[in-house]
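Peer 1: Provided herewith is a single structure, encoded as structure tokens, for subsequent inquiry.
The values are calculated or read from the model by the stated rules, or taken from the named source; none is laboratory data. In this text, all values refer to a predicted model and were calculated from it rather than measured experimentally. Note that each Cβ is placed from the backbone with ideal geometry, even for glycine, and that neighbours are counted across all protein chains shown.
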């Protein structure tokens, strides 16, 4: 059983890159063994690297980073071990065959249910995306300004990157969400996937407070301009 370096970062409330550097320093000092490095997808569907940490070394890492969070680590390992204990391994061939048959039947049933629910699930995702956030264009209307001016404001105050995708710390704080949309080009039939930045209710409140704090007046109308990150392909 292992735990990812990202999960350790979440447990100790630290940045993942900081945790990875701490692991590498401990390896250099010979305190722990070099753990395996695996590639996974993050919330933006980007390929990132994580270490897979064993139980013993995870305690050493957390003790180095934040000793006060050791209790959280103990609780998480207990959860992992309890989950593993529930997955009993068959002791005989007949038991193994019965388990395989049960799993195959469950898989077929699940596949059938997913096929039947796929259209409803897509509709549900679209509705939830709109309920849980609004586009930059819609946010600009709420703030009585134009989208171009709002984008400039968000970049200037380092809330979003040049491509209008929010920095991770503001996603973690619940100000923004990034969802992925799929669009089929009529000319070629090719399917494209693109990220869409949404502002949450909490994020809209934060922007109102920030604007009031710096006493910045924004114009009520401004020409629309297509930019990445707002659902325009």
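Peer 1: Is it the case that residue 75 is farther than 27 Å from residue 178 by Cβ and free of Cβ contacts under 8 Å to residues at least 24 places away in the same chain?
Peer 2: yes
Here is a yes/no grid of residues against (1) surrounded by 12 or more Cβ atoms within 10 Å (Cβ to Cβ); (2) touching a helix residue (DSSP H, G or I) at 6+ places or on another chain (Cβ under 9 Å); (3) modelled with pLDDT of 80 or more; (4) closer than 18 Å to residue 4 by Cα:
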| position | (1), (2), (3), (4) |
| --- | --- |
| 50 | yes, yes, yes, yes |
| 61 | yes, yes, yes, yes |
| 64 | yes, yes, yes, yes |
| 94 | no, no, no, no |
| 98 | yes, no, no, no |
| 106 | no, no, no, no |
| 110 | no, no, no, no |
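Peer 1: Just need a number here: residues in the range 142-198 that are assigned to a loop (DSSP other than H, G, I, E, B) and surrounded by fewer than 17 Cβ atoms within 10 Å (Cβ to Cβ).
Peer 2: Of the residues in that region, 15 qualify.
Peer 1: Looking at this structure, is residue 82 surrounded by 14 or more Cβ atoms within 10 Å (Cβ to Cβ), more than 16 Å from residue 4 (Cα to Cα) and at pLDDT below 85?
Peer 2: no
Peer 1: Filter the range 12-48 down to the residues that are touching a helix residue (DSSP H, G or I) at 6+ places or on another chain (Cβ under 9 Å), surrounded by 13 or more Cβ atoms within 10 Å (Cβ to Cβ) and within 17 Å of residue 1 (Cα to Cα) and list them by number.
Peer 2: The answer is 32, 35.
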